[in-house]
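S.K.: Mind having a look at this structure? Questions to follow.
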Amino acid sequence: MTRFYTQTGDDGYTSLLGEGRAAKYDPRLEAIGTLDESSAAIGLARAFCQAKQTAPILLAVQRDLYHFMAEVAATTKNASRFRMITAQRVTWLEEQTDSLSAIVSLPSDFIVPGDSKAGAAIALARTVVRRAERHIAQLIHNHNLENKDLLRYINRLSSLCFVIELLENQTSGNNEQTLAKE
C-alpha cells in the first residue's frame, strides 16, 4: 500500500529543492502555498468555464504555476535549474490577454463578481493570484528570488483572470456586468 504521508514535516519544517529546510511559515513557503491555492482556484474556474478559449489557457497557466512553484521552492544556489518562467512565458500571457480583450467589452467601472459561476470562480482566483504576487514581490525585494520574470508573470496573470471573467460572464449570456456603483 502506498502511504500518502511522510511524517517529515511533523516538526514544522519542510525541505527545499536543494539542500536545506525551511519553517512552514517562512515567506518562501507562504508564496508557494499561495501559488498552490492560485492553481486550485484556477482549476475550479476551469471546471466551470463555458467559453471555448478559456479552459486550454487556464490549463497552460496551471502547468506554468507548477514550474513557478518549483523555482520558488529551490534554494538560491540551484533556482536556475528549475527556471521555466521566462520573458517568453510573460509574452505568452500578454498575447492571451490581448486576444481575449479583443472580444470582450471593458466595463465603465469596477465590477462586482457573481454574474456567472465561471466568472465568479475566476474572480476569486484573481484575488488569490494577487496575494501570491505580494508574496513574490516581497521575496524579490528581499533578494530571496532573482528571477524578475516571476513577478512579471504573476502580475500579468491577474490581468488575464480579469479578462477571462468578462469573457465568461459574456459567454453565459450576461453582457451587462454588475457594476460597483448603482
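The values are calculated or read from the model by the stated rules, or taken from the named source; none is laboratory data. The structure presented is a predicted model; accordingly, all values stated were derived computationally and were not measured. Neighbour counts are summed over all protein chains in view; Cβ atoms, including those assigned to glycine, are modelled from backbone coordinates with ideal geometry.
S.K.: Please determine, by comparing only the residues of the range 1-16 that are farther than 19 Å from V72 by Cβ and hydrophobic (A, V, I, L, M, F, W, C), which one is surrounded by the most Cβ atoms within 10 Å (Cβ to Cβ).
M.R.: Filtering first and then ranking leaves F4.
S.K.: Now for a different question. Working only within the range 40-66, note down all residues that are touching a residue at least 60 places away in the same chain (Cβ under 8 Å), among the aliphatic types (A, V, I, L, M), surrounded by 21 or more Cβ atoms within 10 Å (Cβ to Cβ) and in contact with an Asp or Glu (Cβ under 9 Å, 6 or more places away or on another chain).
M.R.: Correct list: A45 only.
S.K.: Return yes when R21 is in contact with a Phe, Trp or Tyr (Cβ under 6 Å, 6 or more places away or on another chain) and either touching a residue at least 12 places away in the same chain (Cβ under 8 Å) or farther than 15 Å from L145 by Cβ (or both) and no when it is not.
M.R.: Yes; evaluated as a whole, the condition is true for this residue.
S.K.: Return yes when T91 is within 19 Å of I42 (Cα to Cα) and either modelled with pLDDT of 95 or more or surrounded by 20 or more Cβ atoms within 10 Å (Cβ to Cβ) (or both) and no when it is not.
M.R.: Criteria not met by T91.
S.K.: Pairs under 8 Å by beta carbon, first residue free of Cβ contacts under 8 Å to residues at least 24 places away in the same chain in the range 125-147, partner in a helix (DSSP H, G or I), six or more apart or different chains?
M.R.: Filtered contacts from the range 125-147: A137/L151; I140/K148; I140/L150; I140/L151.
S.K.: Would it be correct to say that I140 is in contact with a Lys or Arg (Cβ under 8 Å, 6 or more places away or on another chain) and over 21 Å from T54 (Cβ atoms)?
M.R.: Against the criterion (in contact with a Lys or Arg (Cβ under 8 Å, 6 or more places away or on another chain) and over 21 Å from T54 (Cβ atoms)), I140 qualifies.
S.K.: Only residues in the range 96-123 that are in contact (Cβ under 8 Å) with a residue 12 or more places away in the chain count as the first member; pair them with residues that are part of a strand (DSSP E or B), Cβ under 8 angstrom, at least 6 apart or cross-chain, and list the lot.
M.R.: From residues that are in contact (Cβ under 8 Å) with a residue 12 or more places away in the chain, the pairs are P107/L179; S108/L179; D109/L179; F110/L179; I111/L179; V112/L179.
S.K.: Sticking with this one: In contact with a strand residue (DSSP E or B) (Cβ under 9 Å, 6 or more places away or on another chain), buried (at least 20 other Cβ atoms within 10 Å of the Cβ), of a type outside the set (F, W, Y) and not in a helix (DSSP H, G or I) - does that describe any residue in the range 160-182?
M.R.: Yes: the range 160-182 contains one or more residues that are in contact with a strand residue (DSSP E or B) (Cβ under 9 Å, 6 or more places away or on another chain), buried (at least 20 other Cβ atoms within 10 Å of the Cβ), of a type outside the set (F, W, Y) and not in a helix (DSSP H, G or I).
S.K.: With the requirement that a residue be under 16 Å from T76 (Cβ atoms) and part of a helix (DSSP H, G or I), what does the range 112-148 give you?
M.R.: I136, Q138, L139, I140, H141, K148
S.K.: Considering only residues that are under 17 Å from the mean Cα position of the chain (by Cα) and surrounded by fewer than 15 Cβ atoms within 10 Å (Cβ to Cβ), which ones fall in the range 141-159?
M.R.: Scanning the range 141-159 gives a single hit, K148.
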